[in-house]
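Asks: Below are the structure tokens for one structure; questions will follow.
What follows is calculated from the coordinates using simple rules that are stated; it is not laboratory data. Quick caveat: nothing in here was measured; it's all calculated off a predicted structure. Every residue, glycine among them, receives a Cβ derived from its backbone with ideal geometry; neighbour counts consider all protein chains shown.
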Amino acid sequence: MEDCLFCKIAAGDIPSKKLYEDEQVVAFYDIAPQAKVHFLVIPKRHIPSAAALTEEDGALLGHVFAVIAKLAREQGLDNGYRVISNVGEDAGQTVKHLHFHVLGGEKLPV
Ligand code: 5GP
Ligand code: ZN
């Protein structure tokens, strides 16, 4: 989608510190980390938020969470981590392309 920051990052048009990429998803470090380890996992396809997901996206979501589990292991997050997806204004979603924050590497505030 034109004028979408994360579509541009997925396409490589805007640089990012990528940890992982395949035909369906990209993972990259957050530019303003809120924990010792903070990366984002996004589908390459433009989906505005989790509110736009349908039953047809089940396989994609399974893949996203398998990638998150693999990357968390690689990043040494053996003691746990948090996965967050903000939806809409009240949650503070600033980028309108579905993304999953993965936070860890330290004890996170409850
Ligand atoms: P949201 O607030 O929408 O849940 O999360 C958006 C996240 O994207 C924020 O944590 C923010 O720091 C991150 N972000 C915004 N712009 C960029 C960018 O250009 N590059 C990277 N790597 N992260 C970004
Ligand atoms: Zn997009």
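Asks: Can you give the net charge of the other residues whose Cβ lies under 12 Å from the Cβ of Ala72, counting K and R as +1 and D and E as -1?
Replies: Overall, the nearby charge balance is +1.
Asks: Related question: Assuming 1.002 mPa s and 20 °C, estimate D for the chain with Stokes-Einstein, Rh taken as the Kirkwood radius over Cα pairs, in µm²/s.
Replies: Taking Rh from Cα pairs, D becomes 150 µm²/s.
Asks: Could you calculate the contour length gain from Asp57 to Leu108, that is, 0.36 nm times the residue separation minus the distance between their Cα atoms, to one decimal place in nm?
Replies: That works out to 15.4 nm of additional length.
Asks: In a shell of Cβ-Cβ distance under 9 Å around Phe39, excluding Phe39 itself, what net charge do Lys and Arg (+1) and Asp and Glu (-1) give?
Replies: 0
Asks: Going by alpha carbons, how many degrees (0 to 90, nearest 10) lie between the helix axis of 58-74 and the longest principal axis of the chain?
Replies: Long axis of 58-74 versus the principal axis of the chain: about 30 degrees.
Asks: Also: Kindly provide the trypsin sites (Lys or Arg not before Pro) of segment 10-74 that DSSP labels as loop, not H, G, I, E or B, and whose Cβ sees at most 13 other Cβ atoms within 10 Å.
Replies: Here the trypsin sites (Lys or Arg not before Pro) that fit, given the DSSP loop and packing criteria, are Lys17, Lys36.
Asks: Report the GluC sites (Glu not before Pro) located in segment 11-106 that are in a DSSP loop and have at most 12 other Cβ atoms inside 10 Å of their Cβ, or state none.
Replies: Glu23, Glu106
Asks: Next question. Report relative contact order for the chain in percent, whole number only (criteria: Cα-Cα under 8 Å, sequence separation at least 6).
Replies: About 31 percent, as a whole number.
Asks: Another question about this same structure. Using a cut-off of 16 Å between alpha-carbon atoms, which aspartates and glutamates can reach Lys44, once sequence neighbours fewer than 8 places away in the same chain are excluded?
Replies: By straight Cα distance, Lys44 reaches Glu2, Asp3, Asp13, Glu21, Asp22, Glu23, Glu56, Asp57.
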